[in-house]
1. Filter segment 1-23 down to residues that are of a type outside the set (Ser, Thr, Tyr), part of a helix (DSSP H, G or I) and in contact with a strand residue (DSSP E or B) (Cβ under 9 Å, 6 or more places away or on another chain) and give me whichever is most open to solvent (accessible area, probe 1.4 Å).
2. Mind counting the residues in segment 1-28 that are polar (S, T, N, Q) and in contact (Cβ under 8 Å) with a residue 60 or more places away in the chain?
3. Working only within segment 29-78, note down all residues that are assigned to a loop (DSSP other than H, G, I, E, B), open to solvent by less than 70 Å² (accessible area, probe 1.4 Å), at pLDDT 95 or above and closer than 16 Å to LYS18 by Cα.
Amino acid sequence: MAGTKKQRILEYMQEFGKISQRTAYILGSMRLSAVIFQLKKEGWNIKTEMVTVKNKDGSYSRIAMYSLVDEEDGHEDA
């Protein structure tokens with residue numbers, strides 16, 4: 001994937017449906033929420049879902065998962 005961070009994140013969501021900070025980091029973005037903010041500002045309909053994940057040490061954390069929402073029927077793109 002080439003292009004700007006914003007383009008890479010948008011293309012990833014279009015192809016795979018959802019993105020988390022961990023994946024965004026691999027794509028070169030340390031500030032996923034800032035990129036999501038810019039995409040929303042440009043008119044993209046993006047859903048934020050807070051999910052609980054298990055850490056390596058056995059504890060749990062809540063993280064944001066972002067996904068594109070299909071404008072026509074109001075459902076997530078899958």
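The values are calculated or read from the model by the stated rules, or taken from the named source; none is laboratory data. It should be emphasised that the depicted structure is a prediction, and the values quoted were computed from it without experimental measurement. Because the Cβ atoms are built from the backbone with ideal geometry, glycine has one as well, and the counts that use them run over all protein chains shown. The accessibility values were calculated without ligands, DNA or RNA, using every heavy atom of the protein model including side chains. Shrake-Rupley method; radii C 1.70, N 1.55, O 1.52, S 1.80 Å.
1. Keep residues of segment 1-23 that are of a type outside the set (Ser, Thr, Tyr), which gives 1-3, 5-11, 13-19, 21-22.
Restricting the remaining residues to those that are part of a helix (DSSP H, G or I) gives 5-11, 13-16, 21-22.
Narrowing further to those that are in contact with a strand residue (DSSP E or B) (Cβ under 9 Å, 6 or more places away or on another chain): 9-10, 13-14, 21-22.
Details: ILE9: 1, LEU10: 26, MET13: 1, GLN14: 103, GLN21: 74, ARG22: 181 Å².
Per the criteria, the residue is ARG22.
2. Total satisfying the criteria: 1.
3. ASN45 - this is the single residue of segment 29-78 that is assigned to a loop (DSSP other than H, G, I, E, B), open to solvent by less than 70 Å² (accessible area, probe 1.4 Å), at pLDDT 95 or above and closer than 16 Å to LYS18 by Cα.
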